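Asker: Pasting in a structure now, in structure tokens, and then I'll have a few things to ask.
Derivation of every value follows stated rules applied to the coordinates shown; laboratory data play no part. These figures come from a predicted structure and were not determined experimentally. Here the Cβ positions follow ideal geometry from the backbone for every residue, glycine too, while neighbour counts run over all protein chains shown.
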Amino acid sequence: MNRRDFLTTATTASAALALSGCNDSNRQAIDYSKHPQKKDDNEVNGEAREGALGYKKRVNINKNKKIVIKLATSWPAHFPIMGTGVEKFAQRVKDVSGGSLEIKLYPKNVLVPALAVFDACSSGQIDAFHSGPYYWKGKNSAFSLYSGIPFGFTSEEINSWMLFGGGLELWREQYAKYNLHPFMGGNTNIQMGGWFRKPIGSIDDMQGLKMRVPGLGGEVLSKMGVNPILLPAGEIYTSLERGVIDATEWVGPALDIKMGFYKVAPYYYSGWHEPGSILELTFNKQFWNKLAFEHQSMIEVASSEMNSNMTYEFHAQNIHALKKLKELDISIQQFPKDVIEAGKKALKEVISDLSTKNKDFEKVFNSIDKHLSLSKEWSDASLRYFLNER
């Protein structure tokens with residue numbers, strides 16, 4: 001081959017290669033690690049910062065290192081959906097980290113009591129916990145809002161508020177005062193109104209009723225004449241059976257049927273007090289800040305997966321459990337109209353009272369109210385129409 005033929009062939013091959021590289025089906029990802037910027041362009045005082053292309057230069061500093069995270073929960077070992085969801089999360093973190101991150105789980109009462117995980121994590125006794133924000137309303141009434149509000153957010157709506165409406169930023173800002181850093185750790189989806197030993201015919205039947213119910217829903221029911229009581233899961237059935245309490249809400253068909261409430265309180269009501277309750281995965285803030293960027297990213301991704309998976313699993317299991325309840329001759333009751341109206345009136349009073357007493361509560365509720373108002377308009381124009389026609 002002469003020189004001219006060689007150049008022509010080489011040029012043609014190069015052009016073909018270039019065109020092949022531009023083909024959508026053969027696109028190659030750009031590996032920016034092979035194109036490092038100058039040190040002074042990429043670091044300020046030794047810290048990585050945003051480069052011109054919007055990425056941070058990171059170095060895997062975790063090879064051959066192992067970190068063990070002590071995580072306590074408010075649930076029994078292997079508790080359906082909530083407990084098993086955390087177990088799957090722990091395994092996922094171990095898998096994606098190549099074993100450099102290991103989460104050691106402590107079910108309720110093994111290391112700390114079920115409702116003591118907040119304080120234990122705040123003080124550094126444990127590194128993280130899984131529970132529900134409304135359990136800590138005694139610390140700050142605003143915390144109950146992060147679980148949701150009666151007649152308020154669905155699971156989809158509260159997730160959108162958290163991620164794109166400023167909710168997560170507010171939550172972290174307020175938890176930081178307790179040396180804590182929270183993530184969404186699941187959602188129960190819409191909860192049922194509870195199990196009652198006797199039927200509710202009117203608002204009069206709610207007067208003096210002893211009911212296990214936490215959070216803002218408990219505050220609202222208190223205004224309606226109910227005596228709200230906070231009990232851990234292990235004590236609810238016995239208390240209901242012995243008449244220590246007259247009613248209990250728990251979650252929904254999937255978990256309620258496993259608790260056996262239908263055996264001692266056969267009147268099961270649809271709910272409005274917790275239409276989409278957030279669960280939390282919360283870390284000790286000092287511990288979290290010491291984790292490497294890579295490990296933080298792995299936990300963030302795995303927690304997001306747990307948050308969505310738990311929501312969908314609740315839905316999937318609830319629809320099958322409802323069928324089983326019907327086979328046990330348990331019918332779903334609806335609260336009388338005067339109970340619903342009393343609940344809405346009581347909610348306004350509770351919001352007003354707590355907003356006056358606590359600026360944190362007022363700030364969070366105003367954010368919720370703004371997002372929820374817009375969401376209602378969209379839901380009315382779309383989802384409500386569809387459900388009515390389906």
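Asker: Please arrange Tyr269, Tyr146, Tyr134 by counting, for each residue, the other beta carbons lying within 10 Å of its beta carbon, fewest first. If you can, show how the numbers build up before the last one.
Answerer: Values: Tyr269 19, Tyr146 28, Tyr134 24.
Fewest-to-most ranking of Tyr269, Tyr146, Tyr134: Tyr269, Tyr134, Tyr146.
Asker: Now for a separate question. If each residue's Cβ is checked for other Cβ atoms within 10 Å, how do Phe365, Phe386, Phe89 rank with the fewest at the top? Intermediate results must be reported in sequence, preceding the final value.
Answerer: Values: Phe365 22, Phe386 9, Phe89 25.
By the 10 Å Cβ count, ascending: Phe386, Phe365, Phe89.
Asker: A follow-up question, please. For segment 238-277, state the semi-axes of the equivalent ellipsoid (square roots of 5 times the eigenvalues of the alpha-carbon gyration tensor), sorted largest first and rounded to whole angstrom. Walk me through the numbers on the way to the answer.
Answerer: On the way: eigenvalues 68, 27, 16 Å².
Each semi-axis is √(5λ); the values are 18, 12, 9 Å.
Asker: For labels at Arg197 and Leu383 in the simple 7 Å Cα→Cβ model, what's the distance in nm?
Answerer: 3.6 nm
Asker: Now for a different question. How much length is gained if the chain between Lys223 and His315 is pulled fully straight, taking 0.36 nm per residue apart and subtracting their Cα-Cα distance, in nm to one decimal? Don't skip to the end; give the middle numbers.
Answerer: Numbers: separation 92, 0.36 × 92 = 33.12 nm, distance 3.07 nm.
Taking 0.36 nm per residue and subtracting the Cα distance, the gain is 30.1 nm.
Asker: Given 10 Å bins starting at zero, what is the percent of C-alpha pairs of segment 251-390 in each, up to the one with the largest pair distance?
Answerer: Reading upward from the zero bin: 8, 22, 32, 27, 9, 1.
Asker: Further question: Would you mind classifying segment 256-313 by shape? Square roots of the alpha carbon gyration tensor eigenvalues, ordered a ≥ b ≥ c; an a/c under 1.5 is rounded, otherwise it is prolate if a/b is larger than b/c and oblate if not.
Answerer: Details: a/c = 3.29, a/b = 2.95, b/c = 1.12.
Prolate is the answer for segment 256-313, as a/c is 1.5 or above and a/b outweighs b/c.
Asker: Related question: Taking just the alpha carbons, could you work out the radius of gyration and Dmax for segment 83-188, both in angstroms?
Answerer: Here Rg and the maximum Cα pair distance are 14.6, 44 Å.
Asker: Okay, moving on. What does a probe at Lys210 reach in segment 258-297, counting residues whose amide N is under 19 Å from the point 7 Å along Cα→Cβ?
Answerer: Counting only backbone N, you get 261-267.
Asker: Here is a further query. Can you tally the net charge around Ile351? Count Lys and Arg as +1, Asp and Glu as -1, for every other residue whose Cβ sits under 13 Å from the Cβ of Ile351. It would help to have the intermediate numbers written out before the result.
Answerer: Details: positive: Lys223, Lys344, Lys345, Lys348, Lys357, Lys363; negative: Glu219, Glu349, Asp353, Glu362, Asp369.
Net of charged neighbours comes to +1.
Asker: With 10 angstrom as the radius, rank Ile81, Ile67, Ile158, Ile319 by how many other C-beta atoms surround their C-beta, starting from the fewest.
Answerer: Working: Ile81 24, Ile67 16, Ile158 28, Ile319 12.
Starting with the residue having the fewest Cβ neighbours, the order is Ile319, Ile67, Ile81, Ile158.
Asker: Per residue, how big is the convex hull around the C-alpha atoms of segment 121-180? Give it to me in cubic angstrom, could you? If you can, show how the numbers build up before the last one.
Answerer: On the way: hull volume 5.4 nm³, N = 60.
For segment 121-180, the hull spanned by Cα atoms encloses 90 Å³ per residue.
Asker: Rounded, prolate or oblate: which fits segment 123-280, taking a ≥ b ≥ c as square roots of the Cα gyration tensor eigenvalues, rounded meaning a/c under 1.5, else prolate when a/b beats b/c?
Answerer: prolate
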